[in-house]
């Protein structure tokens, strides 16, 4: 009797299970969330040329024993490439990513590949190294898909999160985990980052700058870093960090205000921009931010001007006597205190333009070398 009763209950249940269709993967929340944001996610490839001075070994020998150098240092150019991710935050083509993905440098080339495999040349707008956020822009003849920064995730501990990005150069890469912590502080290369989110979702090289989303497709944050070892060298697992969505939203609003004040790009330049700086391309100058530490080491007054780090032989800058180590304080009538400001002022310049530079050295404590205004004809 007991066996018969059990069979009477079990057989209908088995029949019901056999008649119930399997869940459709296409309707899974994670699949729907990824499909929602993927059109706005981009791969970012950057290329920059770094210049360094190289001497012949004989010159070092001669300097050691005779106190003189025979030749000027030879300049060597080295191309550095990196990859990362980002996502559109505006139909006009604004893209947010990590500052370390598109760190500003001379001869910087930024290439963006959208999810529909189209390639764009992007221009750097502005960034904040302390927050590790930057804004770049591409131009398109039609509105672009974007992630809405005004509808962000509540960021609850334990909620499912998804990393979307360009992991190891593989586009459209996904990893999944949970939001495992908030308000974390980490230090990378002597820079302190605060109030970060923590997740056990895999963040790999190339994911930096890409979105971290929840199961509804809302932004949780921007993937930023992975900790493989503690400062004491102990291996770790499942420690990835992201910049919270509310910080991203606030920063993008500030970045857009800066973008509105910048002069428009030259006609036809945005889609085919080579990425080389005007200071280098037109004047033969390599510029560097005069940071407080650098100003202190050189004995210069801090917070004023940009440092000349290299001068191309035979260039317009070389012909008027500008040398490495001098400081440019004004371009035309505009004071410049950063490389970004200098490039912004030089943006309208073109071949044949006349450019006035106020150049010299202002030292601390009244020590100064006379600042002179020189006129250059852009090549």
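The values are calculated or read from the model by the stated rules, or taken from the named source; none is laboratory data. Values in this document were obtained by computation on a predicted structure and should not be read as measured data. Here the Cβ is made from the backbone with ideal geometry for all residues, glycine too, and neighbour counts use every protein chain on show.
Below is a table of values for the structure above.
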| quantity | calculated |
| --- | --- |
| Out of 346, 357, sole residue that is modelled with pLDDT under 90, surrounded by 12 or more Cβ atoms within 10 Å (Cβ to Cβ) and assigned by TED's automatic domain parsing to the domain that holds residue 302 | 346 |
| Failed item, numbered, when residue 159 is tested on (1) at pLDDT 95 or above; (2) under 22 Å from residue 96 (Cα atoms) | (2) |
| Residues that are under 12 Å from residue 217 (Cβ atoms) and assigned to a loop (DSSP other than H, G, I, E, B), drawn from the range 147-182 | 147, 148, 151, 153 |
| Of all residues in the range 183-210 being without any contact (Cβ under 8 Å) to a residue 24 or more places away in the chain and part of a loop (DSSP other than H, G, I, E, B), the one that is farthest from residue 102 (Cα to Cα) | 190 |
| Tabulated pairs, the range 290-316, first not assigned by TED's automatic domain parsing to the domain that holds residue 329, second assigned to a helix (DSSP H, G or I) and crowded, with 20+ Cβ neighbours inside 10 Å, C-beta under 6 angstrom, 6+ apart or interchain | none |
| Top-ranked residue in the range 250-279 [being farther than 22 Å from residue 140 by Cβ and buried (at least 17 other Cβ atoms within 10 Å of the Cβ); ranked as modelled with the highest pLDDT] | 251 |
| Subset of the range 106-129 that is at pLDDT below 85 and outside any strand (DSSP E or B) - its residue that is farthest from residue 308 (Cα to Cα) | 129 |
| Residue selected from the range 325-334 under the condition out of contact with any helix residue (DSSP H, G or I) (no Cβ under 8 Å at 6 or more places or on another chain) and modelled with pLDDT under 90, by the criterion farthest from residue 307 (Cα to Cα) | 333 |
| Residues being out of contact with any helix residue (DSSP H, G or I) (no Cβ under 9 Å at 6 or more places or on another chain) and modelled with pLDDT of 90 or more - total across the range 210-230 | 1 |
| Selection within the range 310-323 - surrounded by 15 or more Cβ atoms within 10 Å (Cβ to Cβ) and under 14 Å from residue 361 (Cβ atoms) | 322 |
